[in-house]
Amino acid sequence: MIKVFLNKRISPRVVNGHPWIFSNEVNIIEGETSGGEIVEVFTHDKKFVGRGYINPKSQITIRLLTREKNEMINDDFFFKKINEAWSYRKKIGYTENCRLIFGEADFLPALIIDKFNDYFVIQTLSLGIEVWKNAIINALQKIFSPKGIYERNDVPVRELEGLQQQKGFLTEPFDTNIIINENGLRFNVDIENGQKTGYFLDQQDNRKAIEHIVKDADVLGAFCYTGTFEIHAAKYGAKKVLGLDISENAIAQAKKNAALNNLENICSFEAINAFDALKEWSKDGRDYDVVMLDPPAFTKSRENIQKAVSGYKEINLRGIKLLKKGGFLVTSSCTNLVSPELFLQTINDAAKDAKRKLRQVTFKAQSSDHPIINGIENTNYLKFLIAEVL
Ligand code: SAH
């Protein structure tokens, strides 16, 4: 097996349990590597650190899979890890739909698996995990006997690893338009053409969190995708709900979802740029009891954090202006680059500019099937705030 010796000075990150080792932390690689192999990693003074996969083409040269000296990386390892992740999900109450594997938080870096009842959608986002795709599929077959597995590897980050973007069936083909249940509602999921893996499971608990604040409310939801928050609002007693998204496809799905739940009399949807709509409508003096905002990540790089913050401030300012006194703002951010503190600060700045006061109802992260591990920053990414706007 290829042996890797680290530099004398390495980041405390590695020592504290983070699985990533960057190229500038590697001193010697003993053996030939073209990328994707399992390697053994040692400190400069030859102490065992762990085993992981290597990709010299990637900035993250090694991602560790184990720190146990006796644990070998083979098909059984992947079976064991996936089984453990499944036991954990069941223990914390996620059985039907869940993120079964959340990469680093399940100790399988760069692997994502979403479970939609009997169907599974997987993303192998690095070369080293791509190599084990068959082992992963076999483990899923053994544990779940799924009706279908689909690969949504049409993601640009794969190119940083020297991998192609691709999507397709990993089992016999099946109808990729499926229906899932969530909080007593039904939703269409388009596994093949939906965004990301088809559905945002990370907001599943937060959608339930709006239960009490939407009763009899006139609700506006911006960045609604397939209308999941909006349809929850209708189920929880909203009088009228309008959802906005820039994607025509998403709006078509949202309308289908409203009909699927017999809530099309309460919910309507419009394909429109939410930035423009929020701006114009706040000028027009429209007002709502509840405004919900769930925009995409405005940045993927640290250099653009300020741009992202301006984006959040802008839409939240408009959202706050659209609220009646005593209305509720429901607002999210899904990039780990904006910390919870910075997010709250940004919303408070927006409220200040609008000359309004906020009273926090709840502030949460993503649903618990996406575990957070202290010290692994990208696992703590979603912010979800409900605040009364006075
Ligand atoms: N709330 C959704 C997820 C929203 S994802 C859920 O829980 O399922 C973010 C959405 O914002 C995407 O559907 C994307 O199409 C939409 N979007 C991106 N830019 C937009 C814009 N300028 N105006 C309106 N929608 C936009």
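The values are calculated or read from the model by the stated rules, or taken from the named source; none is laboratory data. The structure presented is a predicted model; accordingly, all values stated were derived computationally and were not measured. Quick reminder, even Gly has a Cβ in these numbers, built from the backbone with ideal geometry, and neighbours come from all protein chains shown. Remember, those area values only see protein heavy atoms, side chains included, never the ligands or the DNA or RNA. Shrake-Rupley method; radii C 1.70, N 1.55, O 1.52, S 1.80 Å.
Quick notes on this one:
- Euclidean distance between Cα centres, segment 133-157 to segment 31-46, Å: 27
- Legend: translational diffusion of segment 133-180 by Stokes-Einstein, Rh = Kirkwood radius over C-alpha pairs, 4 °C, 1.567 mPa s; D = 106 µm²/s.
- Rolling a 1.4 Å probe across the protein heavy atoms gives segment 199-341 an accessible surface of 42 Å² per residue.
- The C-alpha atoms of the chain define a longest principal axis, and helix 75-91 lies at about 30 degrees to it.
- When ARG9, ARG186, ARG359, ARG158 are compared by accessible area of protein heavy atoms, the largest-first order is ARG9, ARG359, ARG186, ARG158, using a 1.4 Å probe.
- Rough spin-label spacing in nm, given labels placed 7 Å along Cα→Cβ, for THR299 and GLU314: 1.4
- Paramagnetic reach from VAL15 (point 7 Å along Cα→Cβ, amide N under 13 Å) across segment 43-81: 43-45
- What segment 75-174 shows is 42 Å² of accessible area per residue, with the surface traced by a 1.4 Å probe over protein heavy atoms.
- Per-pair calculated FRET efficiency, R0 = 45 Å: ASN249 and GLU377 via Cβ, rounded to 0.05: 0.90
- Annotation: amide H of THR362 within the under-5 Å range of ILE386, sequence separation 5 or more or interchain, hydrogens built in the peptide plane.
- Residue order for ARG67, ARG152, ARG318, ARG302 - accessible surface, 1.4 angstrom probe, largest first: ARG302, ARG67, ARG318, ARG152
- Of the listed residues TYR88, TYR236, the order by accessible area with a 1.4 Å probe, largest first, is TYR88, TYR236.
- Rg to Rh, two decimals, where segment 148-231 supplies the alpha carbon set and Rh follows Kirkwood: 1.07
- The eigenvalues of the Cα gyration tensor, multiplied by 5 and square-rooted, give segment 252-390 an equivalent ellipsoid with semi-axes of 25, 20, 15 Å from largest to smallest.
- C-alpha long axis of helix 305-321 to longest principal axis of the chain, angle in °: 20
- For the chain, the mean residue ellipticity at 222 nm estimated from helices alone is -8000 deg cm²/dmol, where every DSSP H run of n ≥ 4 contributes -39500 (n - 2.57) and the total is divided by all residues, rounded to the nearest 500.
- Amide H contacts of ASN117 (H built 1.01 Å from N, in plane; Pro and chain starts excluded): ASN97, CYS98 sit under 5 Å, all sequence-distant by 5 or more or on other chains.
- Segment 6-71 - accessible surface per residue (Å², probe 1.4 Å): 54
- Quarter the surface of the alpha carbon convex hull of the chain and you get the mean projected area, 19.4 square nanometres.
- Integer Hz, Karplus 6.51/-1.76/1.60 couplings in order for segment 270-278, x for Gly and Pro: 9, 7, 7, 6, 5, 4, 5, 4, 4
- When the alpha carbon coordinates of segment 103-211 are projected onto the principal axes, the ranges are 44, 28, 25 Å, largest first.
- For ASN27, nonlocal amide neighbours, meaning residues 5 or more places apart or on other chains whose placed amide H falls under 5 Å from its own, are PHE5, LEU6, ASN7.
- Our coupling estimate for segment 150-167, obtained by passing each phi through the Karplus curve with A = 6.51, B = -1.76, C = 1.60 and θ = phi - 60°, is 10, 9, 10, 9, 8, 10, x, 4, 4, 5, 5, 9, x, 9, 7, 7, 7, 9 Hz, Gly and Pro reported as x.
- For segment 256-306, the fraction of C-alpha pairs farther apart than 18 angstrom is 57 percent.
- Viscosity 1.002 mPa s, temperature 20 °C, Stokes-Einstein D of segment 178-303 from Kirkwood C-alpha radius, µm²/s: 145
- Taking the centroid of alpha carbons for each part, segment 195-258 and segment 80-109 are 26 Å apart.
- Listed values for segment 97-110 are Karplus-derived 3J(HN,Hα) couplings in whole Hz (6.51 cos²θ - 1.76 cosθ + 1.60, θ = phi - 60°), namely 10, 6, 7, 6, 10, 10, x, 4, 6, 10, 6, 10, x, 6, and x replaces Gly and Pro.
- For THR346, solvent-accessible area (1.4 Å; no DNA, RNA or ligand), Å²: 10
- Put a plus charge on the Cβ of each Lys and Arg, a minus charge on the Cβ of each Asp and Glu, and nothing anywhere else: the dipole of the chain about its Cα centre is then about 1160 debye.
- Enclosed volume per residue, in Å³, of the convex hull spanned by Cα atoms of segment 2-66: 69
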